[in-house]
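First the structure, in the form of structure tokens, and then the observations on it.
Readers should treat all values here as calculations from the given coordinates under stated rules, not as data from a laboratory. The model shown is predicted, which means the values in this text are computed figures rather than measured ones. Virtual Cβ from ideal backbone geometry, glycine too; neighbours counted across all protein chains shown.
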Amino acid sequence: MSLACHGLSIGHGSRTLCSDIDMALSGGDIVCLLGANGCGKTTLFKTLLGLMPPLAGEIQLCGQALSTLGRAQIARSLAYVPQQHAPPFPYSVAEVVLMARAAHLPVFAQPGKADYLAVNDALLQLGIGDLKHHDYSRLSGGQRQLVLIARALAQKTPFIILDEPTASLDFGNEAIVLNQVQALGRQAADQNRGIILSTHDPDQAFALDARVLLMHAGRVIADGAAHSVLTSAALSQAYGTSIAVERTASGRMVCLPG
């Protein structure tokens, strides 16, 4: 199973945000997108999901051109965790997660035992089984993000795309969600699942020991292991301000204002 793009250009209409993107994601891989606001991270995700057409280049999903696949086929391979989600109705947590199973059901079919089991397993894996019957719209921001990650797990796809999963969360909720994302990263190889996420925090790329695509000024300026490519020079260029990369006494890599 693989998700790959070759010579990909993304953008809106005639406006190109980023060009010549080459990326290959296989089971067990973790890729982290980094870059300033407006560099095209969310647009890249929407293009990979088939929600926006590429301006140039090609995307292949499991060896087939993405443009030739139907929505159900794509949904059985790619699960998406958005930055935020506001439901139109007061669904329960279980109902929100159960929506992921639609990709595996024929039209008009009702969920079965396997679908409900997938929901329970996903909620338990993320430690939120006790929220199963709660009103999703009344949860905290961090709890809602965990539910969305559970929904992605219940979809049982070989790839998960997470768009800034800790955005707009307070420190406590950010730590809870990041811990679960790190757990997914550790499990990626064992479960043969590929993960691609975007973030504004380079420290998260270090924590995940991810491969990094660093985006700036319409191109990818660095591509490789976080510990190799996330240098002070590269980050300062990408974000337009001086950034220092340091190793703490415990061995952890952190980024600080220069």
Legend entry - segment 23-61 and segment 6-20: distance between their alpha carbon centers, rounded to Å: 11
Inset, instruction - Quick one: among PRO158, PRO202, PRO111, which has the greatest mean-square fluctuation in a GNM of the chain with alpha-carbon springs under 10 angstrom? - result: PRO111
Inset, instruction - Note the full-extension length gain between PHE108 and CYS62 as 0.36 nm times their separation in residues minus their Cα-Cα distance, in nm to one decimal. - result: 13.8 nm
Inset, instruction - Using only Cα atoms, locate the centre of segment 226-258 and the centre of segment 138-208, then give the distance between them in Å, rounded to an integer. - result: 22
Legend entry - Among SER140, SER26, SER14, residue whose mean-square fluctuation peaks in a GNM of the chain (springs only between Cα atoms under 10 Å): SER14
Inset, instruction - With a ≥ b ≥ c taken as the square roots of the eigenvalues of the C-alpha gyration tensor of segment 194-258, please select rounded if a/c is under 1.5 and otherwise prolate if a/b is larger than b/c or oblate if it is not? - result: oblate
Inset, instruction - Just subtract the alpha-carbon distance of ALA24 and SER236 from 0.36 nm times their residue separation and send over the number in nm, one decimal. - result: 73.7 nm
Legend entry - Where the Cα pairs of segment 45-96 fall when distances are cut into 10 Å bins, in %: 19, 44, 25, 12, 0
Legend entry - Computed label-point distance, nm, for sites LYS46 and PHE171 using a 7 Å Cα→Cβ extension: 3.4
Inset, instruction - Report the full-extension gain for the segment THR16 to ALA86: residue separation times 0.36 nm, less the Cα-Cα distance, to one decimal in nm. - result: 22.3 nm
Legend entry - FRET efficiency for ASP201 and MET99, using Cβ-Cβ distance with R0 set to 25 Å, rounded to 0.05: 0.30
Legend entry - Label-point separation, ALA36 to MET1 (7 Å along Cα→Cβ), nm: 3.7
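From Cα pairs below 8 angstrom and at least 6 apart in sequence, can you work out the relative contact order of the chain, rounded to a whole percent?
Dividing the mean separation by the residue count of the chain yields 25 percent.
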Inset, instruction - At a temperature of 20 °C and a viscosity of 1.002 mPa s, determine how fast the chain diffuses translationally according to Stokes-Einstein, using the Kirkwood radius over alpha-carbon pairs as Rh; express D in µm²/s, rounded to the nearest whole number. - result: 113
Inset, instruction - Note down the magnitude of the dipole of the chain about its Cα centre, charges +1 on Lys and Arg C-beta and -1 on Asp and Glu C-beta and zero elsewhere, to the nearest 20 debye. - result: 460
Legend entry - Rounded, prolate or oblate (a/c below 1.5 giving rounded, otherwise prolate when a/b exceeds b/c) for segment 96-196 by Cα gyration tensor: oblate
Inset, instruction - Treating cross-link reach as a plain straight distance, find the lysines whose alpha-carbon is under 22 Å from the alpha-carbon of LYS132, omitting any fewer than eight places away in the same chain. - result: LYS113, LYS156
Inset, instruction - Quote the FRET efficiency, to the nearest 0.05, computed for SER137 versus ALA189 with a Förster distance R0 of 22 Å and r equal to the Cβ-Cβ distance. - result: 0.05
